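Here's the structure we're looking at; comments come further down.
The values are calculated or read from the model by the stated rules, or taken from the named source; none is laboratory data. Small disclaimer: the values here were computed from a predicted structure and weren't measured. A quick note on method: Cβ atoms are made from the backbone with ideal geometry, for glycine too, and the neighbour counts reach across all protein chains shown. Side chains included, ligands, DNA and RNA excluded: accessible areas come from the protein's heavy atoms. Shrake-Rupley method; radii C 1.70, N 1.55, O 1.52, S 1.80 Å.
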Amino acid sequence: MTTRELKTYCRLCTGRCGMIVTVDAVGRLLSARGDHDHVLSEGYACIKGLETPAIHNSPERLLHPLKRKADGTFMRLPLEDALDEIAQKLRVIIDRDGPDAVALFRGTQNYSNGAASYMVRYFMQAIGSPCFFSTMTIDQSAKWVTDERLGTWAAGRHRLETADVFMAFGYNPLLSVQGGYGFYVNNPAKRMREVKARGLKLIVIDPRRTETARFADIHLQPLPGEDATIAAGMLRLILAEGWDDTAFWTRWAPGVPALRDAVAPFTPDYVARRARIPEELFRAAVKIFAQESRRGITMTGTGPDMAMHSNLANHLIESLNVVCGRFPREGEAVANTGVLEPLKVRRAEARSPRRSWEKGHKSRIRNTGQLMGEMMCGVLPDEILMPGAGQIKSLFCVAGNPASVFPDQRKTVAALRALELLVTMDSMMTNTAKLSHYILPPKLMFERPDGPQIWETVSSPKPFVQYTPAVASPPAGSEVCDEWYPFWGIAKRLDLPIVFNGAPLDMDTPPSSDHLLDLITREAQVPLSEVRKHPGGFTRASVPATIQPPRPDCTGAFDMAPADVVAEIAELVREPFSDADVGGFTHRLAVRRMREVLNSSFREVPAIRRRVPFNPVHMHPRDLTSLGLTDGDAVYIVSEHGRIAAIVKVDTTLRAGVVTMSHGWGGLPDEGKGYEEEGANTNLLVSLDKDVQTINAMARFSAIPVRIEKANAQALANDMPMEGAALDGGSQKRVARGH
Ligand SMILES: Nc1nc2c(c(=O)[nH]1)N[C@H]1C(S)=C(S)[C@@H](COP(=O)(O)OP(=O)(O)OC[C@H]3O[C@@H](n4cnc5c(=O)[nH]c(N)nc54)[C@H](O)[C@@H]3O)O[C@H]1N2
Ligand SMILES: Nc1nc2c(c(=O)[nH]1)N[C@H]1C(S)=C(S)[C@@H](COP(=O)(O)OP(=O)(O)OC[C@H]3O[C@@H](n4cnc5c(=O)[nH]c(N)nc54)[C@H](O)[C@@H]3O)O[C@H]1N2
Ligand code: SF4
Ligand SMILES: [Mo]
């Protein structure tokens, strides 16, 4: 058999590992391996990237558009017929209820799909609906809230390559390969060894001794959910000891004294007792970060951003960077000037907060506003369920699986079922797909060209981008489409012109994906046509550029202590120390990611199923002993909101009192195949009504008070044993607490 090897890259996560795929004569994807010549990833690729051929060729992959029939089963129909029907139904909804009745949810696998990630935004603009949702607001939107109420530094932050210190709150890039502002994630373990070898000090604040924490000079292992407490204490100590950069904040953050007053109660002793960390270790961490280091930032991952007080925690953690002045200054060289991003002038000046959620479109749910032009996922289920003007009647779900990953799975599923029109673009029969009226399966990663990269200059140490053509053909006989195509096709049928990055699209003849990529990058410093000539990636020297002085009339400043932040600090102080013991909830459940799966996907791959058939609940040996449990026992995990069954896995990397379990597992509530087949969904334990953050409606996914009860094996064989769960959503049966 003739085979060919082609260079490409993996787009599943921000690692963007260079890959070499092998395809047969007809373009069928046979295998994938890391590209050792790749400038950034140097041959590294994780099990998910390596197993991607198994997803492309999976017998479970959906290969044709499907329509759900009245009896709940699905029938095939040609794509153009599906688009006709969808457009017709949308026309009815828009004419009757207005464009606001149409919503779109962007899941994680849409971000790195260049053409489609832009198209979904332009499609919603063409419809004229503000109801755009994305995973950004069920993951780390605390960062957006902070940008919008603290402000930002126009020249970015200190970068890892020149840092003396890096302090990570609940962030585990060595497993999650999540890049962005903090850590370069191409081949993360190698990068970590390099920066440690040149003397970087690493501080990790995480209830688990994670893959990242193993490299830490100091690892604080607090109770989850106490990051606001810890950061407040750090600010207090830094300002009390004079380890701050007074000249910097006097000019750019005049509210620091007000913040200092607000955090006065957070003495080292209080922080240590409340977060349950050794006071001396806490002091040592602050000393390394603020006194002994000059360069380097602190940042959060999903841990603090998904726990309670997430917005406050993020504000206070970013305030540590401000108080210590961890931003590039005038005259410093710009590290990465980019390739496809337009060349920007970077100025050493603060940008005042915009508080955009206070203006513009408001949700009917708790009057929640928008961030970065998006509505908050935390209001989506109620926006669908609540009748009246403005009710969402139709949802496009693109490359995501809300039925598995949204908070309060029962309410979310009830909402998805209540939709008049649910259209899902996915290649698998996910929990969300099962509830959809139409499923439009897309071409997958290696079947599409790509190039433009989000975070191009912040997440890479040097100007580097990679273009990839489609390197594999979709399975023979399939009718899978480019992910952007249905949106163009529906807009065409509705007579709505699409303006794509400023360019009106021809609405008679569909564009090509490459044409769309060219439009996205039309202001690029190096034309995409040039980048295309370098199959393994394109590197250039940084354009010599320095950070420019602030504009003479610059009035920008960080807002350290706005009234809402001060009120949240006061509320934190008033709170009982630990709610973990309240109401019989003895433990805290924290978020955890698994190397082998990506949120709810990859579980179907045989090689992965053999390694991780379900999501165990990880517990410390001491907790097992005190509950009379052993490794492999069946338990119930009970929160105020719900109850799930799971199998215990002993884990010495945890602190006692904290249990972890990864998300995205399990079937639809009460319809699953049982725990040992598909795991359990932790979002049955998460409420959308209680402990929800203001501004971004973010639920408490981490640091959830739970108790662990011994169960019998029967509990696992059953479908979700939901008796005992406090249900909500009104329309659902309310079952008495069963124990
Ligand atoms: N293999 C794999 N990789 C992934 C994903 C995946 O599902 N699997 N998902 C991708 C996605 S969508 C994202 S957003 C990124 C996320 O990437 P990260 O933000 O790095 O998230 P995690 O790896 O979950 O690390 C969060 C850490 O927070 C800790 N933690 C939990 N609660 C708290 C708390 O209250 N306080 C503190 N200080 N720590 C806490 C946990 O122990 C955990 O180690 O990963 C991406 N990469
Ligand atoms: N309890 C709890 N809940 C959580 C989290 C947590 O830590 N704990 N983490 C949260 C976070 S950080 C996030 S980001 C969300 C994740 O939220 P989602 O992005 O909604 O979840 P995924 O399971 O990653 O969904 C991706 C889907 O895209 C499909 N897919 C793969 N490739 C393609 C493609 O090329 N095109 C299309 N159209 N589809 C494709 C996959 O089959 C899969 O169904 O979950 C959140 N939910
Ligand atoms: S780390 Fe894994 S999933 Fe992420 S880009 Fe690399 S191979 Fe793909
Ligand atoms: Mo995420």
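List of remarks:
- In the range 458-506, the residues that are under 17 Å from Glu85 (Cα atoms), of a type in the set (A, V, I, L, M, F, W, C) and open to solvent by 20 Å² or more (accessible area, probe 1.4 Å): Leu496
- Hey, Gln178 surrounded by 24 or more Cβ atoms within 10 Å (Cβ to Cβ) and either within 16 Å of ligand 4 (Cβ to nearest atom) or over 22 Å from the mean Cα position of the chain (by Cα) (or both) or not: no
- Residues in the range 34-53 that are in contact with a Phe, Trp or Tyr (Cβ under 9 Å, 6 or more places away or on another chain) and among the hydrophobic types (A, V, I, L, M, F, W, C) were compared, and the one that is nearest to ligand 1 (Cβ to nearest atom) is Ile47.
- Matching residues in the range 88-97 - criterion: being in contact (Cβ under 8 Å) with a residue 12 or more places away in the chain and either of a type in the set (A, V, I, L, M, F, W, C) or open to solvent by less than 50 Å² (accessible area, probe 1.4 Å) (or both): Leu90, Ile93, Ile94
- Qualifying residue in the range 354-365 (condition: in contact (Cβ under 8 Å) with a residue 12 or more places away in the chain and under 27 Å from Tyr184 (Cβ atoms)): no
- Some residue of the range 133-149 being in contact with a His (Cβ under 9 Å, 6 or more places away or on another chain), in contact (Cβ under 8 Å) with a residue 40 or more places away in the chain, within 16 Å of ligand 1 (Cβ to nearest atom) and hydroxyl-bearing (Ser, Thr, Tyr): yes
- Any helices (runs of 4 or more DSSP H) falling wholly within the range 502-575 and containing at least 3 residues that are under 25 Å from Thr250 (Cβ atoms) and under 27 Å from the mean Cα position of the chain (by Cα): 563-574
- Top-ranked residue of the range 536-564 - restricted to ones that are at pLDDT 95 or above and open to solvent by 70 Å² or more (accessible area, probe 1.4 Å), ranked as nearest to Pro342 (Cα to Cα): Arg551
- Subset of the range 402-414 [within 28 Å of Asn57 (Cβ to Cβ) and either of a type outside the set (A, V, I, L, M, F, W, C) or within 16 Å of ligand 3 (Cβ to nearest atom) (or both)]: Pro402, Ser404
- Scanning the range 101-140 for residues that are closer than 25 Å to Gly451 by Cα, hydrophobic (A, V, I, L, M, F, W, C) and within 11 Å of the chain's Cα centre (by Cα) turns up just one, Met136.
- First in the range 176-194 and over 17 Å from His158 (Cβ atoms) and modelled with pLDDT of 85 or more, second anywhere and among the basic types (Lys, Arg) and surrounded by fewer than 24 Cβ atoms within 10 Å (Cβ to Cβ), Cβ under 6 Å, 6 or more apart: Ser176/Arg593
- Of all the residues in the range 486-524, those that are in contact (Cβ under 8 Å) with a residue 60 or more places away in the chain and not aliphatic (A, V, I, L, M) number 12.
- Enumeration of residues in the range 269-303 that are open to solvent by less than 10 Å² (accessible area, probe 1.4 Å) and outside any loop (DSSP other than H, G, I, E, B): Val271, Arg274, Ala275, Phe282, Ala285, Val286, Phe289, Ala290, Thr298, Thr300
- Residues of the range 433-472 classified as within 16 Å of ligand 4 (Cβ to nearest atom) and of a type in the set (S, T, N, Q), total: 1
Conditions tested, residue by residue: (1) open to solvent by less than 10 Å² (accessible area, probe 1.4 Å); (2) part of a loop (DSSP other than H, G, I, E, B).
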| position | (1), (2) |
| --- | --- |
| Ile637 | yes, no |
| His641 | no, yes |
| Ile644 | yes, no |
| Gly664 | yes, yes |
| Ala680 | yes, yes |
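- Count of the range 103-151 residues which are open to solvent by less than 10 Å² (accessible area, probe 1.4 Å), assigned to a strand (DSSP E or B) and near ligand 2 (Cβ under 10 Å from one of its atoms): 2
- Considering each residue of the range 16-33 in turn, none proves to be surrounded by fewer than 17 Cβ atoms within 10 Å (Cβ to Cβ), closer than 23 Å to Thr135 by Cβ and within 16 Å of ligand 1 (Cβ to nearest atom).
- Odd one out for Glu318 among (1) out of contact with any strand residue (DSSP E or B) (no Cβ under 7 Å at 6 or more places or on another chain); (2) open to solvent by 10 Å² or more (accessible area, probe 1.4 Å); (3) part of a loop (DSSP other than H, G, I, E, B): (3)
Let's see how each residue does on (1) under 26 Å from Phe602 (Cβ atoms); (2) away from ligand 3 (no atom under 16 Å from the Cβ):
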{"site": "Pro381", "(1), (2)": "yes, yes"}
{"site": "Leu385", "(1), (2)": "no, yes"}
{"site": "Gly400", "(1), (2)": "yes, yes"}
{"site": "Leu416", "(1), (2)": "yes, yes"}
{"site": "Val423", "(1), (2)": "yes, yes"}
{"site": "Met428", "(1), (2)": "yes, yes"}
{"site": "Pro441", "(1), (2)": "yes, yes"}
{"site": "Arg448", "(1), (2)": "yes, no"}
{"site": "Gln466", "(1), (2)": "yes, no"}
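- Residues of the range 1-16 satisfying the condition of being of a type outside the set (A, V, I, L, M) and within 16 Å of ligand 2 (Cβ to nearest atom): Thr8, Tyr9, Cys10, Arg11, Cys13, Thr14, Gly15, Arg16
- Residue check, Ala154 hydrophobic (A, V, I, L, M, F, W, C), away from ligand 3 (no atom under 16 Å from the Cβ), open to solvent by 40 Å² or more (accessible area, probe 1.4 Å) and modelled with pLDDT of 95 or more: no
- Selected residue [away from ligand 2 (no atom under 16 Å from the Cβ) and farther than 27 Å from Phe183 by Cα] from Phe266, Phe289: Phe266
- Of all the residues in the range 43-81, those that are of a type outside the set (Ser, Thr, Tyr), closer than 30 Å to Lys190 by Cβ and crowded, with 16+ Cβ neighbours inside 10 Å number 11.
- Output for the range 602-618, where each listed residue is open to solvent by less than 10 Å² (accessible area, probe 1.4 Å), in contact with a helix residue (DSSP H, G or I) (Cβ under 8 Å, 6 or more places away or on another chain) and not in a loop (DSSP other than H, G, I, E, B): Ile608
- Across the range 305-347, the qualifying residues are those that are near ligand 1 (Cβ under 10 Å from one of its atoms) and within 25 Å of Ser460 (Cβ to Cβ), and the one among them that is nearest to the chain's Cα centre (by Cα) is Asp305.
- Within the range 565-583, the presence of a residue that is surrounded by fewer than 16 Cβ atoms within 10 Å (Cβ to Cβ) and within 30 Å of Leu104 (Cβ to Cβ) is excluded.
- Helices (runs of 4 or more DSSP H) lying entirely in the range 400-454 (those with 2 or more residues that are among the aliphatic types (A, V, I, L, M)): 402-405, 409-418
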